[in-house]
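Worksheet: one structure, shown below.
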Amino acid sequence: MNSDSDLQIAGDILAVQHLLQPAREHPATVAEFAGLARSIAADRAQWAHLVEYDATTRWYHRLGTGPGYEVWLLSWVPGQGSGLHDHGPSSGVLTVLEGELTERTARGERSLAAGAQRVFAPGYAHEVVNDSLEPAVSLHVYYPGLTEMPMHMAARCTTETVPA
Ligand SMILES: [Fe+2]
């Protein structure tokens, strides 16, 4: 073994649990934000009764907030889409809760079935569309909270306030 350190963990790691960091109350890493979204997805009682569908405009509901982040619940009737946009300075985690969504980017498109997650960094541009014949529900965690959602259009750029 080639090591400058002779530090080793010997014995039962469980015996030193008091030396480990306690679980954080709020997520702070990409993995923890993705984990938060998965835990909400698995707990339908937190969100299923809140979902509404609106054929005239995209429906959204702020499900919760924490230090520096927001959690949004969105519904998509067949044919509804976000348009091509980014999320300003926010990074995020998109999780499909029900149904199926299609995500389009400059690199192509991918189908996102229930349970699928997409993690994106600030400036990531995509379009989310319900191309299926059934309604869909998605969960969006933004860090920091969404303050702007610049739309990407061929001829002009506008700022939308509906999360996606
Ligand atoms: Fe988005």
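What to note about this one:
- Helical content of the chain, expressed as a calculated mean residue ellipticity at 222 nm, amounts to -2500 deg cm²/dmol (DSSP H runs of 4 or more residues, -39,500 (n - 2.57) each, divided by residue number, nearest 500).
- A cut-off of 5 Å between modelled amide H atoms, ignoring neighbours fewer than 5 places along the same chain, links W59 with D54, S75.
- Scalar couplings 3J(HN,Hα) for region 40-51, obtained by applying the Karplus form with A = 6.51, B = -1.76, C = 1.60 to θ = phi - 60°, are 5, 4, 6, 10, 4, 4, 6, 9, 4, 6, 8, 5 Hz; x denotes Gly and Pro.
- Computed 3J(HN,Hα) for region 97-102, one whole-Hz value per residue from the Karplus formula 6.51 cos²θ - 1.76 cosθ + 1.60 where θ = phi - 60°, is 8, 8, x, 9, 10, 10, glycine and proline marked x.
- Loop-exposed GluC sites (Glu not before Pro) per DSSP, neighbour cap 12 Cβ within 10 angstrom, longest uninterrupted part of the chain: 53-164
- Here r is the Cβ-Cβ distance between D43 and M153 and R0 is 41 Å; the resulting FRET efficiency, rounded to 0.05, is 0.65.
- Taking every alpha-carbon pair under 8 Å whose residues sit at least 6 apart, region 30-143 reaches a relative contact order of 33 percent.
- Potential lengthening of the chain between A116 and H26 amounts to 30.2 nm, from the contour at 0.36 nm per residue minus the alpha-carbon distance.
- Length gained when the stretch D54-Q8 is fully extended (0.36 nm per residue, less Cα-Cα span): 10.7 nm
All of the numbers you see were taken from the coordinates with simple rules; none came from a lab. All values derive from a computational prediction rather than experimental measurement. With ideal geometry, Cβ positions are generated from the backbone for all residues, glycine too; neighbour counts draw on all protein chains shown.
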